[in-house]
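The values are calculated or read from the model by the stated rules, or taken from the named source; none is laboratory data. In this text the structure is predicted, and so the values were computed from the model without any measurement. Every residue, glycine as well, gets a Cβ built from its backbone with ideal geometry; the counts of neighbours run over all protein chains shown.
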Amino acid sequence: MRKQKIARPVFFGDDGVPTLQYQIDAYHDQWRCALEVEAGRAWRGNAVYRDLIQAMVMVGVHHLVLIVPNSYKFKSQGKPSESPDYEYAKAVADALFGHTRVKMPYSLTLVGY
């Protein structure tokens with residue numbers, strides 16, 4: 001069974017029909033809160049960057065809850081390796097939300113699991 005995603009609009013065309021939408025895991029209308037849960041490869045697959053950028057342009061997203069693995073274990077050239085995905089995601093979030101050159105249009109909760 002394929003997991004259901006929720007379409008959040010970015011742009012609208014004729015008669016208010018969305019012309020561009022992004023898929024997210026959940027959305028709470030009253031809180032204007034989007035939820036993205038990333039499994040493996042949250043960092044190595046660039047999902048963290050994608051989620052942070054797409055939330056910037058989705059209509060009605062005032063808060064993003066981004067959930068990423070604490071670490072991702074994989075093999076590189078046959079050897080076990082590990083990527084500290086939560087720490088990497090936190091560093092990017094700290095840079096974006098803490099820098100004076102960037103004004104993020106939403107608040108963020110980052111959760112590691």
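For this structure, a couple of remarks:
- Selection from region 71-85 of residues that are assigned to a loop (DSSP other than H, G, I, E, B) and surrounded by 12 or more Cβ atoms within 10 Å (Cβ to Cβ): Ser71, Pro84
- Selection status of Glu36, part of a strand (DSSP E or B) and modelled with pLDDT under 95: no
- Hits in region 45-60 - residues which are in a loop (DSSP other than H, G, I, E, B) and either buried (at least 20 other Cβ atoms within 10 Å of the Cβ) or not β-branched (Val, Ile, Thr) (or both): Gly45, Asn46, Met58, Gly60
- Condition check for Ala42: of a type outside the set (Lys, Arg), surrounded by 12 or more Cβ atoms within 10 Å (Cβ to Cβ), in a loop (DSSP other than H, G, I, E, B) and within 10 Å of the chain's Cα centre (by Cα): yes
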